[in-house]
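For reference, the structure is listed below as structure tokens.
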Amino acid sequence: MREIKTKDDFKFFIKADLYRYFGDASQSAFKAAYKNIPGFKFTYWLRKCAYLSRRPFYTRPFFYRALGKYKALKYQYGFDIEYSTKIGAGFYLGHWGGVVINGDAIIGENCNISHQVTIGSDAKHGADAVPVVGDKVYLAPGCKVFGRIALGDGCAVGANSVVLSDVPPGAAVAGLPARVVSENGSKGYINNIYTES
């Protein structure tokens, strides 16, 4: 998975995230998303902190300014996501409020995270027992994903489901505990995927 190491990486991630909302990565789309979409605004500062945290020491004032903005938005919108979390490009936060992602979790590219979603550790198996979420995964409102499990590429988790075991690629799961209910996965939910041209 690509990481934000350079300025070009940062620009790519912002364009990929922005494109998920409008199917447009233009400057006008950026202004509209930044002004009107809390999920994008928060993600922008999360990405900025991830990028600046890797920069040389003399750039620290820029990092601390970004960190202050990121923390303010974190509490304002209810996104408990550390900027150090490995999150692929094309991250889509559909609605703000109550999103909690363990800092050691890994989120693939072009994933949709809805409100009231938790991706956390399994206390029984230790703080490092966290999920790995594949590419193009859709997590519906209120679902919870716990433990050292893998959510396969293109899968979907239904609203208010609790996932405690691996989910096969392309499957849709629902329930408590979640079980496979369909092979349609995230088809139709993951739209506007950005590609570099």
_Based on Cα coordinates alone, diagonalise the gyration tensor for the stretch 56-159, multiply each eigenvalue by 5, take square roots, and list the semi-axes in whole Å, largest first._
24, 16, 14
*Using modelled backbone amide H atoms (1.01 Å from N, in-plane), which distant-in-sequence or interchain residues come within less than 5 Å of Val145's amide H?*
Thr118, Ile119, Gly120, Val163
*Only Cα pairs under 8 Å and at least 6 apart count here; give the relative contact order of the stretch 97-167 as a rounded whole percent.*
28 percent
*What spacing in nm lies between the two simple spin-label points modelled at Ser182 and Ala123, each 7 Å away from Cα in the Cβ direction?*
3.4 nm
*Seen from all sides and averaged, what is the projected area of the convex hull of the Cα atoms in the stretch 98-189, in nm²?*
4.9 nm²
*Over the chain, what is the relative contact order in whole percent, taking alpha-carbon pairs under 8 Å and six or more residues apart?*
15 percent
*Note the full-extension length gain between Ala32 and Gln76 as 0.36 nm times their separation in residues minus their Cα-Cα distance, in nm to one decimal.*
13.9 nm
*asked:* Among Asn191, Ala171, Ala25, whose Cα projects farthest towards the positive end of the dipole of the chain, with charges put on the beta-carbon of Lys, Arg (+1) and Asp, Glu (-1)?
replied: Ala25
*What pairs in Lys7/Lys31; Lys5/Lys41; Lys69/Lys187; Lys7/Lys35; Lys7/Lys71; Lys48/Lys187 have C-alpha atoms more than 26 Å from each other?*
Lys69/Lys187; Lys48/Lys187
*Compute the FRET efficiency between Ala159 and Met1 as 1/(1 + (r/R0)^6), taking r as their Cβ-Cβ distance and R0 = 25 Å, and round to the nearest 0.05.*
0.40
*Can you give the % of DSSP beta bridges in the chain that are antiparallel, to the nearest 5?*
15 percent
*Around Ser182, which amide H atoms from residues at least 5 apart in sequence, or from another chain, sit under 5 Å from its own amide H, with H modelled in the peptide plane?*
Ala172
*Using only Cα atoms, what is the ratio of the radius of gyration of the stretch 1-79 to 2.2 N^0.38 Å?*
1.10
*Put one equal scatterer on each alpha carbon of the chain, apply the Debye formula with no solvent term, and list log10 I(q)/I(0) at q = 0.11, 0.12 1/Å to two decimals.*
-0.47, -0.56
*asked:* Quick check for me: using +1 on Lys/Arg Cβ and -1 on Asp/Glu Cβ, what's the dipole size of the stretch 1-79 about its Cα centre, in debye to the nearest 20?
replied: 300 debye
*Could you give the length gained on full extension between Asn192 and Arg60, defined as 0.36 nm per residue of separation minus the Cα-Cα distance, in nm?*
44.1 nm
_Value of relative contact order over the stretch 1-79, rounded to a whole percent, pairs C-alpha under 8 Å and six or more apart_ = 27 percent
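Just so you know, all these numbers are worked out from the coordinates, no wet-lab data involved. Here the structure is a predicted model, which means the values were calculated and not measured. Every residue, glycine among them, receives a Cβ derived from its backbone with ideal geometry; neighbour counts consider all protein chains shown.
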